[in-house]
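What follows is a short report on a single structure.
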Amino acid sequence: MSFSDSDSSSYGGEYKNFRQISRERLLQEMLRSARTGDSKSTWKVLIMDRLTVKVMSYSCKMADITQEGVSLVEDIYRRRQPLPSMDAIYFIQPTKENVIMFLSDMSGKSPLYKKAFVFFSSPVSRELVAHIKTDSSVLPRIKALKEMNLEYFAIDSQGFITDNERALEELFGDEEDSRKGDACLNVMASRIATVFASLREFPFVRYRAAKSLDVTTMTTTRDLIPTKLAARVWDRLTQYKQKIEHFPQTETCDLLILDRSIDQIAPIIHEWTYDAMCHDLLNMEGNKYVHEVPSRTGGPPEKKDVLLEEHDPIWLELRHAHIADASERLHEKMTNFISKNKAAKIQHGSRDGELSTRDLQQMVQALPQYSEQIDKLSLHVELAKLPQDDMNAVNNMRLLGGVSETKKSSTGAFSLKFDIHKDLVEKLNKGELSKDEYPCMNDPSPTFHGTSHSSSPLHTGPSPAPHSMRQRRNPTWARPRNSDDGYSRWSCSYSCSLS
């Protein structure tokens, strides 16, 4: 039995986006590593809890999992059929309840599975490891016991969430509950840290400082939340620095932790992008949307489930566009498609006349592309389709979209600041962010952002500049949103907002 962190992924060669890195870690470091020795050619059972199922589903498809030798996926908390001839892969959170369930599965004379490969989603405590070691019947059946350190949801190629939906209430609510708030901070810190474990990045941990202590201003518990979260993230990162092989020993990027006070207007107004509007105004389950399509047999409309994900090129192109701009561009796409596709052109142009044999031949040849494209375009046309009152409000919002300076009312009593996150990231990238307002948890390292520090009194030569373990060096966060390189919103600076 071995207890160690999972082997480091190779990030050399081509640049990999965030979801690709997460996917490769799950498939290669976890599932593929279980296909060794006498287990190489046998099918396995994958057992997960509620959270790790979501972690897996955001990065991998069922076909990916099956390809790695998994024939069955099970919930650790459901009653399961014994499969004593098969090995099991456990991908679970390191909780006492999960460990008890695992030991129940694998202990005694009749375990549910032959051997077990256990992967924890975040660092496991010494107490739980000791608890596992106390069961002598289980130890010989454990083929691997590792920390994956992957406990976030890769929602797309560039972003992630930590699934703390009640964080705002638990951290900033009227009725302060120190135990709930403390537990919430611990979970958030652990999950944020696993992002950097997966990326093999060691950040400067910056945070928005609490108000100054003086006779007129009292610092509250809420003011200290960014400070507390930054301290806990930093604590976990220093542990990774010691435990994880090939983890950077000097800083490679910035992490900036903010709270909602930096952007109070966002919860009041809706986001204006196509992506945000879909999630705000439609009845969606995650990324799944159910819409009606005309019946091919002439009957009533049929319901169809679609996933608004990156495999849909139209969604990929329009999701970050302003809703009014997305509507215009979609209209142009539909018009352009009808003018160029033979099947669409003939169908729209020959409604009042009969089709010739040549027309029919050209239409049949163009049908595969027509069916695929018209399905995709029709889906998004229906999604831009809001009631007129809502569309009027959306179109009026567009007038505010380009404002980046403070807008004040005639009385001067109310003001809005737009693009404040962009301003902060720009200053952070240039090294101009105030150290008093946004202090750093880290001790100075030899070199970062072009600033040198001596590591010791005897240091005489230049220190090598630390760099990201990922291949791409140039930051892309400031590129236009219509950039076609696929990484237009990704950079080596990370901003974490407690919303």
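Being assigned to a loop (DSSP other than H, G, I, E, B), modelled with pLDDT of 50 or more and either in contact with a Phe, Trp or Tyr (Cβ under 7 Å, 6 or more places away or on another chain) or not small (Gly, Ala, Ser) (or both) is the filter here, so list the residues in the stretch 431-451 that pass it.
Glu432, Leu433, Lys435, Asp436, Glu437, Tyr438, Pro439, Met441, Asn442, Asp443, Pro444
Check whether at least one residue in the stretch 158-169 is farther than 15 Å from Val55 by Cβ, small (Gly, Ala, Ser) and modelled with pLDDT under 95, and report yes or no.
yes
Suppose we keep only residues that are charged (D, E, K, R) and in a helix (DSSP H, G or I) within the stretch 42-65. Which one would you say is nearest to Leu27 (Cα to Cα)? Please lay out each step first, then the result.
Within the stretch 42-65, the first condition is being charged (D, E, K, R), and the residues that meet it are 44, 49-50, 54, 61, 64.
Adding the requirement that they be in a helix (DSSP H, G or I) leaves 50, 54, 64.
Working: Arg50: 19, Lys54: 15, Asp64: 8 Å.
Taking the candidates together, the pick is Asp64.
I need the full set of residues from the stretch 198-243 which are of a type in the set (Gly, Ala, Ser) and either more than 18 Å from Asn442 (Cα to Cα) or at pLDDT below 95 (or both), in order please.
Matches in the stretch 198-243: Ser198, Ala209, Ala210, Ser212.
Going by what's in this entry, would Ser85 be described as loosely packed, with under 15 Cβ neighbours inside 10 Å, in contact with a Ser or Thr (Cβ under 9 Å, 6 or more places away or on another chain) and at pLDDT below 95?
The answer is yes for Ser85.
Taking Val293 as meeting all but one of (1) farther than 25 Å from Ile192 by Cα; (2) modelled with pLDDT of 75 or more; (3) in contact with a Lys or Arg (Cβ under 6 Å, 6 or more places away or on another chain), write down the number of the exception.
Only one criterion in (1) farther than 25 Å from Ile192 by Cα; (2) modelled with pLDDT of 75 or more; (3) in contact with a Lys or Arg (Cβ under 6 Å, 6 or more places away or on another chain) is unmet by Val293, namely (2).
So Val118 ticks every box in (1) in a helix (DSSP H, G or I); (2) within 29 Å of the chain's Cα centre (by Cα); (3) free of Cβ contacts under 8 Å to residues at least 40 places away in the same chain; (4) in the same structural domain as Ile76 (by TED's automatic domain parsing) but one. Which box is left unticked?
Val118 satisfies all of (1) in a helix (DSSP H, G or I); (2) within 29 Å of the chain's Cα centre (by Cα); (3) free of Cβ contacts under 8 Å to residues at least 40 places away in the same chain; (4) in the same structural domain as Ile76 (by TED's automatic domain parsing) except (1).
Among residues belonging to the stretch 244-287 that are farther than 26 Å from Ala193 by Cα and among the β-branched types (Val, Ile, Thr), point out the one that is modelled with the highest pLDDT.
Thr273
Restricting to the stretch 171-195, and then to whatever is more than 30 Å from Glu310 (Cα to Cα) and buried (at least 19 other Cβ atoms within 10 Å of the Cβ), can you tell me which residue is modelled with the lowest pLDDT? Break it down stepwise before answering.
So the first thing to find is which residues in the stretch 171-195 are more than 30 Å from Glu310 (Cα to Cα), and the list is 171-186.
Retained after the next criterion (residues that are buried (at least 19 other Cβ atoms within 10 Å of the Cβ)): 171, 181, 184-185.
On the way: Leu171: 85, Gly181: 88, Cys184: 92, Leu185: 94.
Filtering the stretch 171-195 for residues that are more than 30 Å from Glu310 (Cα to Cα) and buried (at least 19 other Cβ atoms within 10 Å of the Cβ), the one modelled with the lowest pLDDT comes out as Leu171.
Has the stretch 138-159 got any residue that is in contact with a helix residue (DSSP H, G or I) (Cβ under 9 Å, 6 or more places away or on another chain), crowded, with 20+ Cβ neighbours inside 10 Å, outside any strand (DSSP E or B) and on the phi > 0 side of the Ramachandran plot?
yes
Specify the residue that is nearest to the chain's Cα centre (by Cα); the eligible residues are those in the stretch 67-86 that are part of a loop (DSSP other than H, G, I, E, B) and of a type in the set (D, E, K, R).
Restricting attention to the stretch 67-86, the residues satisfying the condition of being part of a loop (DSSP other than H, G, I, E, B) are 68-69, 76-82, 84-86.
Still in the list and also of a type in the set (D, E, K, R): 68, 78-80.
Details: Glu68: 23, Arg78: 27, Arg79: 31, Arg80: 31 Å.
In this case the residue turns out to be Glu68.
Collect the residues in the stretch 272-300 that are touching a Ser or Thr at 6+ places or on another chain (Cβ under 8 Å) and part of a helix (DSSP H, G or I), keeping them in residue-number order.
Correct list: empty.
The values are calculated or read from the model by the stated rules, or taken from the named source; none is laboratory data. All of these numbers come straight from a predicted model, not from anything done at the bench. Using ideal geometry, Cβ is built from the backbone for each residue, glycine included, and neighbour counts are taken over all protein chains shown.
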